[in-house]
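For reference, the structure discussed in these notes is given below.
Laboratory data are not the source of any read-out in this text; all were calculated from the coordinates shown. Here the structure is a predicted model, which is why all the values come from computation and not from measurement. Backbone-built Cβ (ideal geometry, glycine too); neighbour counts: all protein chains shown.
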């Protein structure tokens, strides 16, 4: 079992562009068009599947919202922060 991060750890470790929303961290990525957002969502999906840590992905016309939490642990863990950093690298 992985330990939940404390409020202070989340505050200091959350990557730029990400925000805390209750028991998850979220970021909205903006794109010039729909297909670029779809390609990004697909790339994020591949990274997530490799790590078996699956985010919520919401695709809109020119933006993609990604949310991360560790469901089994009931909140935000190191894995969520690491995945957020990896998703930023995809962008």
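For the reader, a short list of remarks on this structure follows.
- Over the residues of the chain, the helix contribution to mean residue ellipticity at 222 nm works out to -13000 deg cm²/dmol, using -39500 (n - 2.57) for each DSSP H run of at least 4.
- Take the Cβ atoms of residue 63 and residue 6, set R0 to 35 Å, and the FRET efficiency comes out at 0.70.
- Cβ crowding within 10 Å averaged over residues, with 36-46, 61-71 ranked highest first: 61-71, 36-46
- Gap separating the Cα centres of the stretch 8-43 and the stretch 61-91, nearest whole Å: 7
- In degrees, nearest ten, helix 34-51 long axis to first principal axis of the chain (Cα): 40
- Sorted largest first, the principal axis extents computed over the alpha-carbon atoms of the stretch 46-88 equal 32, 19, 15 Å.
- The ellipsoid that matches the Cα gyration tensor of the chain has semi-axes, each √(5λ) in whole angstrom, of 23, 14, 10, with the longest given first.
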